[in-house]
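Trainee: Below is the structure I would like to discuss, written out as C-alpha cells.
The values are calculated or read from the model by the stated rules, or taken from the named source; none is laboratory data. Quick caveat: nothing in here was measured; it's all calculated off a predicted structure. Backbone-built Cβ (ideal geometry, glycine too); neighbour counts: all protein chains shown. What goes into the accessible areas is simple: the full protein's heavy atoms, side chains included, and nothing from ligands, DNA or RNA. Shrake-Rupley method; radii C 1.70, N 1.55, O 1.52, S 1.80 Å.
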Amino acid sequence: MEIVHYPVMHKEVLENLPIPEGDSLLIDCTTGEGGHTSLFLEKYPSLSVIGIDRDKVIQKKATERLSGFGGRFRPVNAWFDEYLKGAPSESADAILFDLGISMFHYVESERGFSFRSDEPLDMRLNPESGMSAADVVNGYSEENLADVIYRYGEERYSRRIAKAIAERRSVAPIESSCELADIIRGSVPREYRYGRIHPATRTFQALRIEVNKELDRITPALEDAIRVLKKGGRIGVITFHSLEDRKVKWFFKDEAGSENARIKILTKKPIVPSAEEEEENPPSRSAKLRVVEKV
C-alpha cells in the first residue's frame, strides 16, 4: 500500500520558518516521506534541503518523491542528533524537527509499530542495529520492563502489564505485535480494556521510545541545532506527546532565560492544528509546534 505521510501543520510550519532570499539551506531532521521538505522546495526556488532519516526504506520513498528537485534535496541516512553533532556551525538558515512517527511505519513497515496487524515485534527505525522491541519484551527484567512502560508510556497499569508479559514469556518468547497486544488487553481492568484508547497504546509507545532512544536524542540535538543555525534563523519542533513536548519546552525556556541566551522564543504557547486539519487528519490532534529564533 502506498501511504504518503500527511505533513502536519504544513501552513503553520511554512509561515513560522521563513527562508531568506538567495541560496539558503534547510535541515529537515526528520524527513520521513518528505512532505514538509517538498513544500519548502516548492515555495523557495533557491533553497536546498538536507533531509535526515535513520530509516533507509522510508528515505528511499522520500528521495523518489523529491527527485524532481534534483540536487536541491540531499538525503542523509543518520540519526539527527548524530548528524547535527558533526555539522558545521552557522551553516543552516532553518532547522525543522517533526518528531512524530510516519504513517509508513504503522501501515507499511511490517515492524510491529501497530497492534492492529500481526507483525514481528521489532519497532526499530534502523532495523540493522540495536535492540528490537522483542529483545526488550523478552529480555528485560519484570521490574525494568514495568519502569520503561511507566516512564515512556505514562501507563498506570505498568506493573500489571509487566507481570503478565513475564508470565507469558516464561512459557515461550513473545514475538508478534498482536500477541503482545492480547497479553496487555488481558492484564488490565475491564473498564480500561474498553476505554477511549486501545489498552496497548501506551505500552507500544513506551517500547518504541525505548528501542529507538527517542527522548535521549532531543536535548543533544537541540543543543547542536542552535550552534548549526545562522543568526536570525529559526528552529521549529513538532511534538506529538507530552514527554517530547516537555523536553523541548524546558530546553528552550532554560536556554532563552540564561545569561548568555542564544535564542528567543517566538511561540509562548505552542501552535496547534486548526479544527479543519484535525478533522481531515485526526492523528494531528496531539501535535504542537514550538519555534525559536537565534539571536
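Trainee: What is the sum of charges around residue 86, taking Lys and Arg as +1, Asp and Glu as -1, for the other residues whose C-beta is under 13 Å from the C-beta of residue 86? Before the final figure, lay out each step's value.
Mentor: Values: positive: 85, 227; negative: 81, 82, 224.
After counting each charged neighbour, the total is -1.
Trainee: Round to the nearest 10 and report in Å² the accessible area of residue 9, as given by a 1.4 Å probe over the protein chains' heavy atoms.
Mentor: 0 Å²
Trainee: Write down the accessible area per residue of the chain in Å², having rolled a 1.4 Å probe over the full set of protein chains.
Mentor: Working: 13920 Å² over 295 residues.
For the chain, the solvent-accessible area averages 47 Å² per residue.
Trainee: If you don't mind, there's one more thing I want to ask. Nearest 500 deg cm²/dmol is fine: what mean residue ellipticity at 222 nm does the chain get from its DSSP H runs of n ≥ 4 alone, each adding -39,500 (n - 2.57), divided by its residue count? Walk me through the numbers before you get to the answer.
Mentor: Details: 14 runs with 132 residues, N = 295.
My calculation for the chain gives -13000 deg cm²/dmol from helical runs alone.
Trainee: Residue 163: which aspartates and glutamates have alpha carbons under 20 Å from its alpha carbon, excluding same-chain residues fewer than 8 sequence positions away?
Mentor: 135, 142, 143, 147, 154, 155, 175, 179, 182, 191, 210
Trainee: Work through the residues other than residue 121 whose Cβ is under 15 Å from its Cβ and net out their charges, Lys, Arg +1 and Asp, Glu -1. Don't jump to the answer; show the numbers that get you there.
Mentor: Values: positive: 111, 116, 124, 168, 169, 208; negative: 110, 118, 119, 122, 135, 175, 179, 182, 210.
Within the 15 Å Cβ shell, the charges total -3.
Trainee: To the nearest 0.05, how large is the calculated FRET efficiency for residue 106 and residue 285 if R₀ is 25 Å and r is the Cβ-Cβ distance? Display every interim value, and only then the final one.
Mentor: On the way: r = 16 Å, r/R0 = 0.63.
For R0 = 25 Å, the calculated efficiency reads 0.95.
Trainee: Here's another thing I want to ask about it. Starting from the Cα-Cα distance between residue 74 and residue 193, subtract it from 0.36 nm times their residue separation and give me the gain in nm to one decimal. The partial results should precede the final answer.
Mentor: Details: separation 119, 0.36 × 119 = 42.84 nm, distance 4.54 nm.
Contour length minus the Cα-Cα distance gives 38.3 nm.
Trainee: My understanding is that a pair violates if its Cα-Cα distance is over 25 Å; which of 85/249; 230/268; 56/269; 85/253; 247/294 do that in this structure?
Mentor: 56/269
Trainee: Of all DSSP beta bridges in the chain, what percent run antiparallel (nearest 5)?
Mentor: Details: 11 of 30 bridges.
In the chain, approximately 35 percent of DSSP beta bridges are antiparallel ones.
Trainee: Continuing with this model, one more query. Calculate, for residue 156 and residue 246, the FRET efficiency according to 1/(1 + (r/R0)^6) with r their C-beta to C-beta distance and R0 25 Å; round to the nearest 0.05.
Mentor: So the FRET efficiency works out to roughly 0.85.
Trainee: Still on this structure: In whole Å, what three semi-axes, largest first, describe the equivalent ellipsoid of the chain built from its Cα gyration tensor (square root of 5 times each eigenvalue)?
Mentor: Numbers: eigenvalues 245, 85, 63 Å².
After diagonalising the Cα gyration tensor, the semi-axes are 35, 21, 18 Å.
Trainee: Same structure again: Suppose the chain between residue 91 and residue 272 were pulled fully straight at 0.36 nm per residue; how much longer would it get relative to their current alpha carbon spacing? Don't jump to the answer; show the numbers that get you there.
Mentor: Working: separation 181, 0.36 × 181 = 65.16 nm, distance 2.89 nm.
Gain on extension, residue 91 to residue 272, equals 62.3 nm.
Trainee: Obtain the radius of gyration and the Kirkwood radius of segment 10-77 from its C-alpha atoms and give Rg over Rh.
Mentor: Numbers: Rg = 11.2 Å, Rh = 11.9 Å.
Result for segment 10-77 is an Rg/Rh of 0.94.
Trainee: Once neighbouring chains are kept in place and the probe is 1.4 Å, which whole percent of the accessible area of segment 153-257 is contributed by carbon and sulfur? Each step should come with its number before you reach the end.
Mentor: Working: 2260 of 4730 Å².
The C+S portion of the solvent-accessible surface of segment 153-257 is 48 percent.
Trainee: What nm value, rounded to one decimal, do you get for the distance between residue 201 and residue 63 when each label is placed 7 Å out toward the C-beta?
Mentor: Calculated label separation equals 3.6 nm.
Trainee: Tell me, what HN-Hα J-couplings in whole Hz come from the Karplus equation 6.51 cos²θ - 1.76 cosθ + 1.60 at θ = phi - 60° for each residue of segment 282-293, using x for Gly and Pro?
Mentor: Ordered by residue, 3J(HN,Hα) equals x, x, 6, 4, 8, 6, 9, 10, 10, 10, 10, 10 Hz.
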